[in-house]
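Read through the structure below, which is laid out as C-alpha cells, and then see the notes.
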Amino acid sequence: MKFTENRNAVEKLPVDLLGYIFYPPSKRYVGENPDTGLFGSGKPKAGDFVDENVFEMLALAKNLNFEYVQLHGKENPKTCKIIRAQGLKVIKAFNLNEAFDFALLKTYEKTVDYFLFDTKTNLPGGSGEKFDWSILEKYEGEIPFFLSGGIQPDDAEKIRGLDHRQLFGIDLNSGFEDEPGVKNIEKLGNFIKEMKAL
C-alpha cells in the first residue's frame, strides 16, 4: 500500500494482510515521511524490508503498529530471531528457480513464521513474472508459505488447484494494480470471490 485513499478501499475487501514497502529503490516505497493515515488501524500490517538495520525495522514496526515484518534481502536466521523475539511475526522471502536448494531453509525453520516464495530476479523486489509452480513440490518443510510472483487476475482457478499442505496465502501485487502502489479494487474483489468460490 502506498496511498491512503487506496488503502481505505482495499481494507473494505476481505483481505487478511496489508504490506508497506520500506525499500527506497522500489516504485512502491512509502517514502521517508508517509502520511500516518496510510497505515490505518483495521487490517494487520506488514513492513517489507531489504537488508535494513534490524533496530530500524523494530522501531518502525513499533511506531506504526506492524504485526509482521517481511524480509526480502539476505537477512540471516539471527536477524529473524531478534525480530521474532519482540513479538512480531516474520515472513522471510526466497526467490525460486529450478536450481533453488530448499535445504537452505532448514536454518530458518525455528526463526520465522512464514516463508514467501517469489520469482528469482537479479535485484530485490518483484519482477511481475511467475516462476514454475511445480518447483513447490520440492518443498517438504514445516513452515507455511505465501505464494508470490506475477500472480494475475485469471490465476484463481490454477492456484485453487495447487495441492500443497503448506500453502498458506497469496501475495497479490503488480497484476492487480493500475500503477505501482495503486491497487485495482475491482480486480482484487473479483479474484477474492473466485478464490473463495466452492
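Worth pointing out:
- Considering region 2-45, and only residues there that are of a type in the set (Ser, Thr, Tyr) and assigned to a strand (DSSP E or B), the residue that is farthest from TYR114 (Cα to Cα) turns out to be TYR29.
- So ILE82, is it β-branched (Val, Ile, Thr), closer than 22 Å to PRO25 by Cβ and modelled with pLDDT of 95 or more: no
- Condition met for THR111 (open to solvent by less than 50 Å² (accessible area, probe 1.4 Å), at pLDDT below 95, outside any helix (DSSP H, G or I) and among the β-branched types (Val, Ile, Thr)): no
- Pairs linking a residue in region 17-37 that is in contact (Cβ under 8 Å) with a residue 12 or more places away in the chain to a residue that is hydrophobic (A, V, I, L, M, F, W, C) and open to solvent by 80 Å² or more (accessible area, probe 1.4 Å), with Cβ atoms under 9 Å and 6 or more positions apart or on different chains, are PRO25/LEU123; ASP35/PHE3.
- Complete set of residues in region 84-108 that are surrounded by fewer than 16 Cβ atoms within 10 Å (Cβ to Cβ) and aliphatic (A, V, I, L, M): ALA85, ALA99, ALA103, LEU104
- In region 114-163, residue surrounded by the most Cβ atoms within 10 Å (Cβ to Cβ) [restricted to those that are at pLDDT 95 or above and in contact with a Pro (Cβ under 8 Å, 6 or more places away or on another chain)]: PHE115
- One residue stands out among those in region 46-60 that are touching a residue at least 24 places away in the same chain (Cβ under 8 Å) and in a helix (DSSP H, G or I): the one that is least open to solvent (accessible area, probe 1.4 Å), which is MET57.
- Annotation: LEU64 fulfils all but one of (1) open to solvent by 60 Å² or more (accessible area, probe 1.4 Å); (2) over 26 Å from GLY141 (Cα atoms); (3) among the aliphatic types (A, V, I, L, M); the unmet one is (1).
The values are calculated or read from the model by the stated rules, or taken from the named source; none is laboratory data. Only a predicted model underlies this, so the values are computations on that prediction, with no experimental measurement involved. Here the Cβ is made from the backbone with ideal geometry for all residues, glycine too, and neighbour counts use every protein chain on show. Side chains included, ligands, DNA and RNA excluded: accessible areas come from the protein's heavy atoms. Shrake-Rupley method; radii C 1.70, N 1.55, O 1.52, S 1.80 Å.
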